[in-house]
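Here is the structure we will look at.
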């Protein structure tokens with residue numbers, strides 16, 4: 001899709017946006033999301049990457065409304081500096097390339113008009129993520145109160161069959177309420193918002209949800225309707241579908257478009273309760289630009305390497321769906337044929353993408369869960385317990401990550417039989433998994449030949465974590481030109497007074513011959529630690545508490561290997577001793593719990609001692625490592 005030329009009504013110059021990073025921001029008073037975004041400060045876009053352009057589009061029901069919005073956009077953009085902004089005078093035509101894309105990714109609102117004897121109310125309501133019934137034009141229905149919160153599959157107090165069931169938001173998830181109502185034959189479900197930010201009705205739902213029109217009414221108008229029904233009035237509602245442009249849309253240079261997560265940030269109220277400033281909506285829009293710039297640079301780099309022949313790409317998964325809702329370690333598997341000369345590569349990157357099983361991000365899985373890639377035992381291919389990579393899924397979003405796992409070339413070398421290995425991927429929530437191994441030679445004189453697994457980590461918070469970490473005795477044979485400690489280490493659990501180990505900085509100490517090698521992540525204790533890492537690939541504008549810093553991870557990020565070269569501390573064959581400990585504020589952490597809370601702090605840690613030899617050397621014997 002080529003966006004084409006646009007006249008910037010701020011400068012009266014025509015700008016060609018084809019082949020560029022473009023973030024479209026619409027202003028349409030009819031759309032609650034758009035109205036909420038434009039309550040923010042447009043100056044928050046300043047400081048955006050230089051290769052990103054923001055296209056500001058006016059919208060409205062009439063030409064007069066569109067021109068009013070266009071003038072507001074010109075006025076708002078006039079004072080901006082250091083940011084590429086194009087202000088359009090009107091929306092694109094419906095038959096234009098951009099017009100078609102905006103319609104494809106548009107938002108279905110509901111123009112809701114309710115009338116009763118002596119009163120009426122009209123409101124623009126938000127629709128759903130595609131889980132409900134699609135319709136065009138208008139539908140008229142009787143409105144009735146459900147009579148309870150519709151949680152736990154409660155039956156309605158009133159007869160809702162063939163009618164619009166009115167239900168208050170809260171207590172349980174959207175789809176719990178929708179399932180309960182559609183099970184009883186509701187033709188429409190009108191959720192009445194509370195003080196939370198209004199958003200699309202989303203979640204995992206069965207096919208019965210598609211039998212009803214879904215809408216989220218603003219609190220003020222919804223409360224009026226509830227009051228009339230509670231007063232015994234017979235109300236009639238008219239629901240009219242209203243298609244509007246998306247509030248924000250990301251368009252890559254190749255013309256592919258992607259919708260965004262929720263803007264404004266859904267947990268601004270939590271930030272304010274903690275005494276922090278809320279995230280300005282246009283700061284969230286800027287994050288879309290930062291991610292787009294990062295994503296484009298990544299794609300350009302990968303494509304350049306492939307075009308030049310510098311990389312050998314080996315497919316692992318090609319869109320298979322991984323899901324294990326029962327937490328039974330049910331995985332997807334791939335028997336991978338490695339390049340014939342893979343043992344002589346010095347660099348290995350793991351490229352993986354998790355995409356949702358629906359087109360819209362609002363239909364993505366909700367939680368920031370850990371996912372894992374395992375390599376299977378060549379002597380028993382049903383035994384797949386050796387983790388080699390870890391990701392943390394984003395809230396209600398998709399993601400792609402490329403991480404350097406070069407030390408684990410040694411793991412492939414050991415596990416391969418006749419040039420093949422079996423890999424297994426585990427995810428509780430459903431994602432389509434695309435994954436490649438990227439082998440390269442970058443001119444390193446040393447290559448990893450052995451990776452010996454170590455056992456560290458586990459439950460913490462009782463003050464005895466470090467006493468459970470057994471020391472390691474190892475040798476460094478003459479052929480070993482480098483010995484490296486490599487680990488995936490992430491902190492989880494947050495029930496204690498320091499929110500350890502997810503939100504505290506666990507400082508990991510690896511000590512050899514009196515020399516300390518330290519892994520520390522101070523951003524774990526910062527409010528916007530993950531928000532500020534969008535420019536490095538953290539998925540932006542998720543739901544949930546994604547902005548907060550975590551202990552060596554973020555929602556929507558691939559976990560990176562930490563590698564410590566121990567060579568400076570290791571002289572001679574040995575034996576040498578490696579010890580490990582983890583400290584919080586300089587001590588072995590003791591959880592302080594509130595009454596009734598359970599200690600849940602833990603360090604998820606997969607580690608290796610990796611030995612490097614000179615390139616071209618014959619595979620030496622496995623070194624002696626004892627723990």
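The values are calculated or read from the model by the stated rules, or taken from the named source; none is laboratory data. All of these numbers come straight from a predicted model, not from anything done at the bench. Cβ atoms come from the backbone with ideal geometry, glycine included; neighbour counts cover every protein chain shown.
Per the listing 424, 464, the residue uniquely crowded, with 19+ Cβ neighbours inside 10 Å and at pLDDT 95 or above is 424. All conditions in (1) surrounded by fewer than 19 Cβ atoms within 10 Å (Cβ to Cβ); (2) within 30 Å of the chain's Cα centre (by Cα); (3) under 17 Å from residue 225 (Cβ atoms) hold for residue 118, with the sole exception of (2). Applying the set (1) buried (at least 17 other Cβ atoms within 10 Å of the Cβ); (2) in a loop (DSSP other than H, G, I, E, B) to residue 491 leaves exactly one unmet item: (2).
Would you say residue 485 is touching a residue at least 12 places away in the same chain (Cβ under 8 Å), surrounded by fewer than 21 Cβ atoms within 10 Å (Cβ to Cβ) and in the same structural domain as residue 565 (by TED's automatic domain parsing)? So residue 485 fails the test.
Within region 74-108, the residues that satisfy the criterion of being surrounded by 15 or more Cβ atoms within 10 Å (Cβ to Cβ) and in contact with a helix residue (DSSP H, G or I) (Cβ under 8 Å, 6 or more places away or on another chain) are 76, 77, 80, 83, 85, 87, 88, 89, 90, 91, 92, 107. When residue 257 is tested against (1) in contact with a strand residue (DSSP E or B) (Cβ under 6 Å, 6 or more places away or on another chain); (2) at pLDDT 95 or above; (3) not assigned by TED's automatic domain parsing to the domain that holds residue 406, just one condition goes unmet, and that condition is (2).
For residue 568, state whether it is over 14 Å from the mean Cα position of the chain (by Cα), assigned to a helix (DSSP H, G or I) and over 20 Å from residue 492 (Cβ atoms). Considered against the rule, which asks whether it is over 14 Å from the mean Cα position of the chain (by Cα), assigned to a helix (DSSP H, G or I) and over 20 Å from residue 492 (Cβ atoms), residue 568 comes out as yes. If you go through region 250-276 and keep only what is touching a helix residue (DSSP H, G or I) at 6+ places or on another chain (Cβ under 7 Å) and farther than 17 Å from residue 128 by Cα, you end up with 250, 252, 253, 257, 264, 265. Filtering region 279-288 for residues that are part of a loop (DSSP other than H, G, I, E, B) and without any contact (Cβ under 8 Å) to a residue 12 or more places away in the chain leaves an empty set. Out of all the residues in region 327-335, is one or more under 19 Å from residue 411 (Cβ atoms), part of a loop (DSSP other than H, G, I, E, B) and either in contact (Cβ under 8 Å) with a residue 40 or more places away in the chain or within 22 Å of the chain's Cα centre (by Cα) (or both)? Looking through region 327-335, at least one residue is under 19 Å from residue 411 (Cβ atoms), part of a loop (DSSP other than H, G, I, E, B) and either in contact (Cβ under 8 Å) with a residue 40 or more places away in the chain or within 22 Å of the chain's Cα centre (by Cα) (or both). Considering each residue of region 361-397, count those that are crowded, with 21+ Cβ neighbours inside 10 Å and within 12 Å of the chain's Cα centre (by Cα), and give that number. Adding up the residues that qualify gives 12. Would you point out which residue out of 319, 275, 309 is on the phi > 0 side of the Ramachandran plot and within 20 Å of the chain's Cα centre (by Cα)? On inspection, the qualifying residue turns out to be 319.
Give the residue that is surrounded by the fewest Cβ atoms within 10 Å (Cβ to Cβ), with candidates limited to residues of region 141-155 that are without any contact (Cβ under 8 Å) to a residue 60 or more places away in the chain and in contact with a helix residue (DSSP H, G or I) (Cβ under 7 Å, 6 or more places away or on another chain). Among residues in region 141-155 that are without any contact (Cβ under 8 Å) to a residue 60 or more places away in the chain and in contact with a helix residue (DSSP H, G or I) (Cβ under 7 Å, 6 or more places away or on another chain), the one surrounded by the fewest Cβ atoms within 10 Å (Cβ to Cβ) is 153. Take residue 316 and tell me if it is over 23 Å from residue 47 (Cβ atoms) and surrounded by 14 or more Cβ atoms within 10 Å (Cβ to Cβ). Yes: the conditions hold for residue 316. Restricting region 195-213 to residues that are out of contact with any helix residue (DSSP H, G or I) (no Cβ under 6 Å at 6 or more places or on another chain) and closer than 23 Å to residue 264 by Cβ leaves a set whose member that is surrounded by the fewest Cβ atoms within 10 Å (Cβ to Cβ) is 195.
Taking region 43-129 as the region of interest, the strands (runs of 3 or more DSSP E) fully inside it that hold 3 or more residues being outside the structural domain of residue 26 (by TED's automatic domain parsing) are 107-116, 119-126. Can you work out which of the residues in region 22-42 that are in a helix (DSSP H, G or I) and in contact with a helix residue (DSSP H, G or I) (Cβ under 6 Å, 6 or more places away or on another chain) is surrounded by the most Cβ atoms within 10 Å (Cβ to Cβ)? If we take residues in region 22-42 being in a helix (DSSP H, G or I) and in contact with a helix residue (DSSP H, G or I) (Cβ under 6 Å, 6 or more places away or on another chain), then 42 is surrounded by the most Cβ atoms within 10 Å (Cβ to Cβ). Please verify whether residue 603 is without any contact (Cβ under 8 Å) to a residue 12 or more places away in the chain and either in contact with a helix residue (DSSP H, G or I) (Cβ under 8 Å, 6 or more places away or on another chain) or outside the structural domain of residue 49 (by TED's automatic domain parsing) (or both), treating the condition exactly as stated. In short, no.
Mind checking whether some residue in region 610-617 is assigned to a loop (DSSP other than H, G, I, E, B), under 32 Å from the mean Cα position of the chain (by Cα) and not assigned by TED's automatic domain parsing to the domain that holds residue 261? So far as region 610-617 goes, no, none of its residues is assigned to a loop (DSSP other than H, G, I, E, B), under 32 Å from the mean Cα position of the chain (by Cα) and not assigned by TED's automatic domain parsing to the domain that holds residue 261.
Among residues of region 514-549 being in contact with a helix residue (DSSP H, G or I) (Cβ under 6 Å, 6 or more places away or on another chain) and in contact (Cβ under 8 Å) with a residue 40 or more places away in the chain, the one that is surrounded by the fewest Cβ atoms within 10 Å (Cβ to Cβ) is 515.
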